[in-house]
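S.K.: I'd like to ask some things about the structure below.
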Amino acid sequence: MQLDTYIKEIRERITTLLAKKPPEMTTHRCCICLSSNDISLIHLNKTQDAIELLLSETIHYDEAENIPLVLSGIVQQYTLASIPTYWVLSPDYYQLFLIESLPVKAEEFHEALNWRIKSLLSYPIKEATIDYFKLPPKKSSPDNFMIAAITAKTSQLFKISNIMRKSNIELTTIDIPELAMRNLTALYETDEKSTAFIYFYEHLAILNISCQKTLYFTRHIELTDNAAQPTHYEQLCLNILRYFDYFQSQWRHPSPNRIFIGSEKENTAEIAKILSQNLSLSVEPFVFKSVALDASKLRLLEKKYLLSFGGALREEQNHATPGN
């Protein structure tokens, strides 16, 4: 019973964090991405007219217990304690499920969503924090939005958010790579063309398909261990083409003809070349468009801070609605 009470309390704290908006009086924001041993942090001043990069830093740590000491030093050195900070989760922290519309009354939606997700989780739903956002309805069902539901273990979110609090970081938002990627491709989407963005992690690729700054489809694609084998990319490309066909048939938009890739670990130029050959389509490493920064800073962002920058570009009205 005491454990249930504890879980309920930390779920309420995390849900409040997901719903919280940063103070409107500042145009400054930080964004953090955590990997197993590194923290990527950027600090931007984003106004309607310009984006100023004030800091980009990668911090190595050996144990999670050392993060507060490492981060607090950076926070103090660059006076970041009062800056709204976004945390973009790595894929091992969350799961994303695409769910067909839930034909229930508004007041019954949360209960229906929880019931639907309960059967998809490998752990008790009472240990989960659930958030969601809506995707555009398919042409075959124009009145019913699809649901992208995000689940994460509350205890893991609480552990890291508590570490950031001890580091004097003003954590205001927890976000996901899919929405950071959407923010990046939005820089290109001033026309009616569809865009695909594939972001590579070590054992996983995230595929986004968007159009006119709206995310329509996203999928996690497991990667084989041996990237040197031709079949590694052949199977990946078959999956990508299958999802392109699905997007085109369900939403009646043209198949993506802007295809970008990104990664902080892999050789994106080489991967783009291989994908272009297998897809018979032009594939390019993501480069920034309409961002007035020094060329050397842009190259650094593209290589090491792509998702951090994308997370920092978020607009409040586009953020996911708290789902639980």
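The values are calculated or read from the model by the stated rules, or taken from the named source; none is laboratory data. Keep in mind that what you see is a predicted model, and the values were worked out from it rather than measured. Note that we place each Cβ from the backbone using ideal geometry, even for glycine, and neighbour counts take in every protein chain shown. All accessible areas refer to the heavy atoms of the entire protein, side chains included, with ligands and DNA or RNA removed. Shrake-Rupley method; radii C 1.70, N 1.55, O 1.52, S 1.80 Å.
S.K.: Scan the stretch 271-292 and report the pairs whose first residue is within 13 Å of Cys237 (Cα to Cα) and whose second residue is exposed (fewer than 14 other Cβ atoms within 10 Å of the Cβ) and at pLDDT below 95, with Cβ atoms within less than 7 Å and a gap of 6+ or a chain change.
M.R.: Correct list of pairs: Asn278/Glu234.
S.K.: Give me a count of the residues in the stretch 40-93 that are open to solvent by less than 10 Å² (accessible area, probe 1.4 Å), touching a His at 6+ places or on another chain (Cβ under 8 Å) and under 26 Å from Ala152 (Cα atoms).
M.R.: 1
S.K.: In the stretch 94-146, how many are surrounded by 15 or more Cβ atoms within 10 Å (Cβ to Cβ) and part of a loop (DSSP other than H, G, I, E, B)?
M.R.: Matching residues across the stretch 94-146 total 8.
S.K.: Continuing with this model, one more query. If the requirement is being modelled with pLDDT of 95 or more, open to solvent by 70 Å² or more (accessible area, probe 1.4 Å) and either touching a Leu at 6+ places or on another chain (Cβ under 6 Å) or over 19 Å from Ala205 (Cβ atoms) (or both), which of these qualifies: Gln248, Gln277?
M.R.: Numbers: Gln277 fails: either touching a Leu at 6+ places or on another chain (Cβ under 6 Å) or over 19 Å from Ala205 (Cβ atoms) (or both).
From the options Gln248, Gln277, the qualifying one is Gln248.
S.K.: Continuing with the same structure: Just one of Phe217, Phe244 is in a helix (DSSP H, G or I), of a type in the set (A, V, I, L, M, F, W, C) and under 20 Å from Leu179 (Cα atoms); which is it? Outline the logic, then answer.
M.R.: Numbers: Phe217 fails: in a helix (DSSP H, G or I).
Only one candidate passes the filter, namely Phe244.
S.K.: Of (1) open to solvent by 20 Å² or more (accessible area, probe 1.4 Å); (2) farther than 13 Å from Gly310 by Cβ, Thr218 satisfies all except one. Which?
M.R.: Here Thr218 clears every test but (1).
S.K.: Check Thr154 against each of (1) modelled with pLDDT under 95; (2) of a type outside the set (D, E, K, R); (3) open to solvent by less than 20 Å² (accessible area, probe 1.4 Å) and name the one condition it does not meet.
M.R.: The one condition Thr154 does not meet is (1).
S.K.: Shifting gears a bit: Give the residues of the stretch 168-182 that are surrounded by fewer than 22 Cβ atoms within 10 Å (Cβ to Cβ) and within 17 Å of Ser40 (Cβ to Cβ), sorted by residue number. Walk me through it before giving the result.
M.R.: Our first condition is that a residue be surrounded by fewer than 22 Cβ atoms within 10 Å (Cβ to Cβ); within the stretch 168-182, this holds for 168, 170-172.
Scanning the stretch 168-182 gives a single hit, Leu171.
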